Every structure is written in C-alpha cells, then in structure tokens.
1. Just from its helices, what would the mean residue ellipticity at 222 nm be for the chain, if runs of 4 or more DSSP H residues each count -39500 (n - 2.57) and the sum is divided by every residue, rounded to the nearest 500 deg cm²/dmol?
2. Whole Å is fine, so just give me how far the alpha carbon centre of the range 3-17 lies from that of the range 30-59.
3. Using 0.36 nm per residue, how much length does the chain from Met1 to Glu60 gain when fully extended, once their Cα-Cα distance is taken away?
4. To the nearest 20 debye, what is the magnitude of the charge dipole of the range 2-71 about its Cα centre, counting +1 on the Cβ of each Lys and Arg and -1 on the Cβ of each Asp and Glu?
5. Please check: in the Gaussian network model of the chain (C-alpha springs, under 10 Å), which one of Gly14, Gly36, Gly48 has the largest mean-square fluctuation.
6. Averaging over every viewing direction, what projected area does the convex hull of the Cα atoms of the chain cover, in nm²?
7. Just flag the GluC sites (Glu not before Pro) in the chain sitting in loop per DSSP whose Cβ has no more than 15 other Cβ atoms within 10 Å.
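Quick note: the coordinates plus some simple rules give every number you see, no bench work behind them. All of these numbers come straight from a predicted model, not from anything done at the bench. Note: ideal-geometry Cβ built from the backbone for every residue, glycine included; neighbour counts use all protein chains shown.
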Amino acid sequence: MLEEIIAALNDITGADAGEITPETELFEEGLLDSFGLVELLVQLEQLGKTLDVAELTREEISTPAKIAALLA
C-alpha cells in the first residue's frame, strides 16, 4: 500500500520519482494541501481504501508511512 500511496502523491504533486519517501512531511514541505488531500482520498477510494479525515489530525496523516499504517 505504501508504494501506491507514494505513486498517487507523485501524480498529485508532480514530484519526481524518489522525491517523496515514506517519511516525507507532506504538509510541512508544501507538497500537500487540502485540495491535494481530497485528490489523494479519491485515488485511495479507487484502490478500495478509505480514510475518514474528519476524525484524524493533520499529524496522523503527515507522511506516506503514517497514511499507509492507518490503511493497514
């Protein structure tokens, strides 16, 4: 799942391969904003995974690794 999350984030952000790692701070580094988060949620739903971000803090979804852990 981690690879799929990173691939989706690369697509959403336009990042180069390898730029986003499992520990990249998505919000702090300006790679993801609220619109990007919505795009990520849509792509995750297409993979059959859902997150209820209304119940999560920004810290809980701040890195690809943390997102993957929530989906495990």
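1. On the way: 3 runs with 33 residues, N = 72.
Only helices count here, giving -14000 deg cm²/dmol.
2. If you average the Cα positions of each part, the centres end up 13 Å apart.
3. Working: separation 59, 0.36 × 59 = 21.24 nm, distance 1.66 nm.
My answer for the length gained is 19.6 nm.
4. Details: 3 positive and 16 negative charges, 37 e Å.
Rounded to the nearest 20 debye, it is 180 debye.
5. Looking only at Gly14, Gly36, Gly48, the largest GNM fluctuation is found for Gly48.
6. Working: hull surface 16.6 nm².
Taking the Cα atoms of the chain, their convex hull projects to 4.2 nm² on average.
7. On the way: sites: Glu3, Glu4, Glu19, Glu23, Glu25, Glu28, Glu29, Glu39, Glu45, Glu55, Glu59, Glu60; in loops: Glu19, Glu23, Glu25, Glu28, Glu29.
For GluC sites (Glu not before Pro) across the chain that sit outside H, G, I, E and B with at most 15 neighbouring Cβ atoms in 10 Å, the list reads Glu19, Glu23, Glu25, Glu28, Glu29.
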